[in-house]
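> Can you read through this structure? Questions will come right after.
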Amino acid sequence: MSRRIKLFPVQILAIGFGLIILLGSILLTLPICSNNGEGIPFINGLFTSTSATCVTGLAVYDTYTQFNFLGQLIIAILIQIGGLGFMGIAMTFSFLARRKITIFQRSLLMNSIGANHMGGVVKTIRRMLFGTVIFEGIGAIIIATRFIPTLGLWQGIWYGIFHSVSAFCNAGFDLMGMFKPGSSLMQFADDPLLEITIMVLIISGGIGFIVWGDIADCKWHFKKYNLHSKIMISFTFALILFGAILFMLLEWNNSFSDMAISEKILNSFFAAITPRTAGFASVDYATMTNAGRFLTMTLMFVGAGPGSTGGGIKVATFVTLLLSIYAYAKHHNDLSIYKRRLQSDASRTAFSIISSYVAMILLCTFCLIVANPGFTSESCLFESISAIGTVGLSMGITPTLGVFSKFCLIVLMYCGRLGSITVAMAIVRRKVIPRISYTEARITIG
């Protein structure tokens with residue numbers, strides 16, 4: 001008699017993302033998706049599909065040059081699925097069909113959007129879908145008006161839709177190869193309309209759907225927001241402002257040297273926002289100072305908000321780390337902010353996430369260095385952090401990587417989108433933990 005296999009919600013999410021990536025890989029390798037009518041190698045299709053579904057943006061091909069409209073459409077669909085989570089997309093059809101959402105489906109949704117409890121999760125999903133349509137729709141219209149005069153009506157509209165979806169989902173894929181392959185937004189560093197629109201979309205998608213729900217309920221009464229929303233809003237804008245000021249100081253006479261003052265300020269903010277998992281580039285990162293690239297890697301590592309379209313260790317995790325260091329230095333037992341105390345296991349969860357990310361980054365960087373002795377350690381580290389942070393920025397080494405290196409980055413992108421702890425929970429079989437408390441023994445730490 002066969003034994004029925006019971007899958008937990010995190011396992012279903014992990015398997016679901018894997019199947020979507022596999023399907024996307026098969027489709028993108030078909031000759032009908034390429035401009036030259038020839039199929040691409042499966043490893044490159046798998047890499048592109050993973051990068052799109054995990055809303056990363058690392059690319060072995062220039063999207064416009066390699067893929068025709070069908071290929072670009074598949075990539076856009078994968079980005080949308082990856083940004084909202086495949087459970088969010090599945091629930092869209094349930095809402096349209098007016099089907100009742102079961103308790104198990106609510107549990108899946110809770111894990112998909114990073115909610116702490118099932119109460120109100122369906123309401124959050126509805127708002128997420130409605131907000132996505134509004135933000136992406138407005139963004140598409142604005143971007144389309146920029147490109148219609150140059151590219152014509154239909155192609156201009158397609159450019160608006162593709163880049164709005166890519167920006168809101170923090171993916172970083174672009175079709176700017178029409179102007180110059182691999183240039184991202186470098187040709188538009190002096191275009192405030194396009195850059196500001198992209199920045200607003202990145203922030204909107206990266207701040208998290210839970211925060212937008214709080215804003216919808218409490219409007220602009222900041223004191224009424226829950227603690228998570230207060231932390232996300234305040235520290236998101238603090239990171240943006242702090243990052244922009246540092247980029248001004250570091251790159252004013254370097255990578256920004258040929259720009260006007262207004263352009264330098266605009267691109268400083270763009271450089272501070274896009275590493276937070278978006279992946280668009282208005283300057284060539286290979287021309288940046290070492291300090292500028294290090295700052296970029298730091299912002300990529302921190303990432304966006306929990307339950308958002310972005311990746312990284314998340315802003316809330318970073319804030320918990322800072323609070324833990326402060327509490328330890330002050331000999332406080334609790335982690336407190338905004339006159340509220342964080343849950344007792346917050347510090348342990350944060351350090352587990354950060355430790356797993358650091359371990360995977362170091363391991364992948366080491367593998368890239370060994371497999372590609374011609375690359376610098378910095379470029380390999382930059383690529384690894386970009387992959388696990390689902391950012392998509394690169395120092396230009398992605399197209400030249402071998403099969404082993406691409407596979408390493410595929411694993412990092414997958415873990416970065418789902419969350420390293422989520423992947424570990426999906427792999428490790430859940431067991432009953434015996435209620436045993438062993439005798440305490442002290443070790444020297446630090």
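> Quote to one decimal, in nm, the extra length available between F366 and S257 on full extension: 0.36 nm per residue of separation minus the C-alpha distance between them.
Working: separation 109, 0.36 × 109 = 39.24 nm, distance 3.42 nm.
In short, 35.8 nm is gained.
> Assuming 0.36 nm per residue, please report the length gained on full extension of the stretch I325 to A286 beyond their Cα-Cα distance.
Numbers: separation 39, 0.36 × 39 = 14.04 nm, distance 3.39 nm.
Net length gain for the segment: 10.7 nm.
> Multiply the residue separation of F237 and D345 by 0.36 nm, subtract the distance between their alpha-carbon atoms, and state the gained length in nm to one decimal.
On the way: separation 108, 0.36 × 108 = 38.88 nm, distance 2.63 nm.
Result: 36.3 nm gained on full extension.
> Between D334 and D191, how many nm apart are label points set 7 Å from Cα along the C-beta direction?
5.2
> As an exercise, identify the chymotrypsin sites (Phe, Trp or Tyr not before Pro) in region 211-302 lying in DSSP coil whose Cβ has no more than 13 other Cβ atoms within 10 Å. Before the final figure, lay out each step's value.
Numbers: sites: W212, W220, F222, Y225, F235, F237, F242, F247, W252, F256, F269, F270, F280, Y285, F294, F301; in loops: W220, Y225, W252, F256, F280.
Here the chymotrypsin sites (Phe, Trp or Tyr not before Pro) that fit, given the DSSP loop and packing criteria, are W220.
> Given bins 20 angstrom wide, list per bin the percent of all Cα-Cα distances in region 9-424, short to long.
The calculated distribution, bin by bin, is 28, 61, 12, 0.
> Could you calculate the FRET efficiency of T400 with S352 from 1/(1 + (r/R0)^6), where r is the beta carbon distance between them and R0 is 35 Å, rounded to 0.05? All intermediate terms of the calculation are to be shown ahead of the outcome.
Values: r = 35 Å, r/R0 = 0.99.
Computed FRET efficiency for T400 and S352 comes out at 0.50.
None of the figures in this text is laboratory data; all of them are computed from the coordinates on show. Source: prediction; values computed, not measured. Every residue, glycine among them, receives a Cβ derived from its backbone with ideal geometry; neighbour counts consider all protein chains shown.
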